[in-house]
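Enquirer: Quick one: this structure, given as structure tokens, is what I'll be asking you about.
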Amino acid sequence: MSRVGKKPITVPNNVQLSFADGILTVKGPKGTQVVPIADGISFNNENGTLTFQRVNDDKKVRALHGLSRALTFNAIEGVSNGFQRNLAIEGVGFKAEMRGQKLLLTLGFSHPILVIPPAGVELATPTVTVKLRPRFAASVHLSHTKEKVFVMKVSISVARPVSLQVNNS
């Protein structure tokens, strides 16, 4: 049995689940997400705890057991709390500042880099920390979709890969 698939999911009170035609719809304060549930996978929602079971032990169903549970967990987490990634930008002359909703990065190139977030993703720059070298932070957060947050983090990291470090806090 899949270790991931066996783990129960605690559903917060402010999240609503509905299932129709193989599609699980997850609604919460931060938005709505749709999760496809594979054939051969069933779930049970009792007392705020969601568990997934396999109908049979076919190879395909075994592979989809943990995947269905993981996608559902990410959807529930996203619509209730959202996702956030923090980036640390270190270097002499490097800086990050907000221009409205856009992030302006100065990373040692001859031109600044303007990062425009997609809909549903917010960027923020907290205060500067000065130790031996100036350290700026850029925060990508408040999207209910994990994919959008991570794609945005990668697109910022690609601007100057050596100078950016991921802080998983």
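Enquirer: In nm, to one decimal, how far is the LYS102 label point from the LYS6 one, both placed 7 Å along Cα→Cβ?
Expert: 5.2 nm
Enquirer: Describe numerically, in nm with one decimal, the distance between label points set 7 Å from Cα along Cα→Cβ at HIS111 and at ARG62.
Expert: With each label point 7 Å from Cα toward Cβ, the separation is 5.4 nm.
Enquirer: OK, next. Give the lysines reachable from LYS146 as a straight Cα distance under 19 Å; neighbours fewer than 8 places away on the same chain don't count.
Expert: Straight-line reach from LYS146, under 19 Å: LYS27, LYS30.
Enquirer: For a Förster distance of 22 Å, can you work out the FRET efficiency between the beta-carbons of GLN16 and VAL55, rounded to the nearest 0.05? Before the final figure, lay out each step's value.
Expert: Numbers: r = 25 Å, r/R0 = 1.15.
So the FRET efficiency works out to roughly 0.30.
Enquirer: What ranking, highest mean first, results for peptides 116-122, 54-60, 83-89 when packing means the other Cβ atoms within 10 Å averaged over each residue?
Expert: On the way: 116-122: 14.0, 54-60: 10.9, 83-89: 18.6.
Per-residue mean Cβ counts within 10 Å order the peptides as 83-89, 116-122, 54-60.
Read-outs throughout are calculated quantities, based only on the coordinates presented, and are distinct from any laboratory measurement. This is a predicted model, so every value here is computed, not measured. A quick note on method: Cβ atoms are made from the backbone with ideal geometry, for glycine too, and the neighbour counts reach across all protein chains shown.
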